[in-house]
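Below is one structure, written out as structure tokens; comments come after it.
Derivation of every value follows stated rules applied to the coordinates shown; laboratory data play no part. All values reported here derive from a predicted model rather than from experimental measurement. Every residue, glycine as well, gets a Cβ built from its backbone with ideal geometry; the counts of neighbours run over all protein chains shown.
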């Protein structure tokens, strides 16, 4: 049985990175938080200290545990400060070159050869990120869901070359953080976001087929299905731009193959997560009402009805998903 | 009198006047009752937890079928919403497609059934795991919705996962038979 990493580096001090670092220091690991931007690093540390304090006030953990966790947390202003880590989890922006550069620099003379490098990507292939590392076998995916401290799931993703013992370290560390750990293989959306694709895609189809309105589909999912949020309110919460990026990435990772499963093809994701969302909350299609008359027929041009930017809240989740009891969740 | 036809099979004896409400699983209302006066309905188990039932009507649905069916579900304490005609209506189509994708993922070795269900519940706050949900709905019901979507809409995105079809062929229909994606023995 592999043991959880005792010294964990987190590269990227945004909301997701800080959330992961919080989990790491609470799980008893010496935790080094890195960000190339000093202000971002300071904000990340402040976020963690604030959460540790509030968690203690709310009884999620004791004040002593919070203090001990804070003591285990340190800033790593330079990438070379991550040298002692047994595991480095990157939570950098979702750009392949950026993550590749990060792992290349870390593995070319900063961390030891046995150090596990984990990417928290939700939309890039782990294998692609791993290809830049000196030892791709040490690279795995650790896909946390947003917000990382609250969502209980961790997807451990095996890239093509990931070594079994590296995956085992990721799993053990996730369990030490209190996560429910599942195994997924590398591919568009890994396991969870992949299986969730039809939730958004079919709702878009139902809308274009005029089976029901945005409001009706959301309500049916909540009241008849028991989902906490319908697909359209969820999409608005996560953000159209995020959804579009995810759709693009699904498309590219399917090698632009429309395939037999249209859900992974180009028209599906891009209609589902991009274009239709431009209709926004107020983009009610004409001809669709709560009680359709027999043989109703809507006109085809509904796209000028809603303000294009209407109904897009400022909230930006970390990715797709989150039908949640705790509100926004999803692939961060 | 209200007769609900919730079965996939032919009624043993012809119903007087035919059913008034037809379960839109194995097809849309217009496919199941061409030119008929019935209305369509669809809901997914667990029915006790479902607060809403979807209804649909065709050009020839009789006013009495509309009223009687609405009233029937109201007496059960369910809200109703009228939607357009399609196999599985709204929720059935969405959930059956999620189940289908999960079945494909399972077949391809992308994840175990346990991990798929745990992932959807704990990662995305699904009300229940899609594969356990399928076992509760009945895999034959899920397959009939997918096959009807495939046939009526002609889109390969509705192609049923071979694993799902094999389970149905082998009589493993879910909780009702003691085994489906999971075993309930």
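What whole number of Å gives the distance from the Cα centroid of region B:46-91 to the Cα centroid of region A:215-244?
Between the Cα centre of region A:215-244 and that of region B:46-91, the gap is 21 Å.
Most fluctuating residue of B:25, B:134, B:105 in a GNM of chain B with Cα springs under 10 Å: which is it?
Comparing B:25, B:134, B:105 in the GNM, the peak value goes to B:105.
Using alpha-carbon pairs under 8 Å, 6+ residues apart, how would you state the relative contact order of region A:45-148 in percent?
Once normalised by length, the contact order is 22 percent.
Per residue of A:188-194, count partner chain C-beta atoms within 10 Å of its C-beta, then hand back the mean as an integer.
Shielding by partners across A:188-194 averages 6.
Starting from the 7 Å offset along Cα-to-Cβ, what nm value, one decimal, do you get for the label separation of residue B:150 and residue B:169?
1.1 nm
Under the Kirkwood approximation applied to all pairs of distinct alpha-carbon atoms, what is the hydrodynamic radius of region A:198-243 in Å?
One decimal place: 10.6 Å for the Kirkwood radius.
Mind checking A:142-151 for the average number of partner chain beta-carbons within 10 Å of each residue's beta-carbon?
Per residue, the average neighbour count from other chains is 1.
What does the convex hull of the Cα atoms of region A:95-168 come to per residue, in Å³, rounded to a whole number?
88 Å³
Mind telling me which of B:157, B:172, B:93 comes out most flexible in a GNM of chain B, alpha-carbon contacts under 10 Å?
B:157
Any idea what angle helix B:63-75 forms with the longest principal axis of chain B, computed on alpha-carbon atoms, 0 to 90 degrees, nearest 10?
So the inclination is approximately 50 degrees.
When the Kirkwood radius is taken over all Cα pairs of region B:4-82, what Stokes-Einstein diffusion coefficient follows at 25 °C and 0.890 mPa s, in µm²/s?
It diffuses with D of about 192 µm²/s by this estimate.
By what distance, in whole Å, do the Cα atoms of region A:1-148 stretch along each of the three principal axes, largest value first?
The principal-axis extents, from largest down, are 44, 31, 26 Å.
I'm a student and want to see the number: the projected area of the Cα convex hull of region A:130-243, averaged over all directions, in nm².
Answer in nm², one decimal: 8.7.
In whole Å, what is the distance between the alpha-carbon centres of region A:51-124 and region B:132-185?
Between the Cα centre of region A:51-124 and that of region B:132-185, the gap is 43 Å.
Using a 7 Å offset from the Cα along the Cα-to-Cβ direction at both residue B:74 and residue A:3, what is the distance between the two label points in nm, to one decimal?
Distance between label points: 6.8 nm.
Which FRET efficiency, nearest 0.05, do residue B:184 and residue B:6 yield, Cβ-Cβ r, R0 22 Å?
0.50
Averaged over all directions, how much area does the convex hull of the C-alpha atoms of region B:56-131 cover when projected, in nm²?
Mean projected area for region B:56-131: 6.7 nm², to one decimal.
How large is Rg over Rh for region B:91-177, taking Rg from the Cα atoms and Rh as the Kirkwood inverse mean of 1/r across Cα pairs?
Rg/Rh for region B:91-177 comes to 0.95.
For residue A:112 and residue A:39, what is the calculated FRET efficiency with R₀ set at 41 Å and r taken between the beta-carbons, to the nearest 0.05?
With R0 = 41 Å, the Cβ-Cβ based efficiency is 0.85.
Determine the shielding of peptide B:99-111 by partner chains: average, over its residues, the number of Cβ atoms on other chains within 10 angstrom of each Cβ.
Per residue, the number of nearby Cβ atoms from other chains is 5 on average.
Quick check of the Kirkwood formula: for chain B, what is the inverse mean of 1/r over all pairs of different Cα atoms, in Å?
Computed over Cα pairs of chain B, the Kirkwood hydrodynamic radius comes out at 17.1 Å.
Per 0.36 nm of contour for each residue apart, how much would the distance between residue A:60 and residue A:81 grow if the chain were fully extended, relative to their Cα-Cα spacing?
Roughly 4.5 nm would be gained on extension.
How much length is gained on full extension from residue A:208 to residue A:67, taking 0.36 nm per residue of separation minus their Cα-Cα distance?
The span from residue A:208 to residue A:67 would gain 45.4 nm if fully extended.
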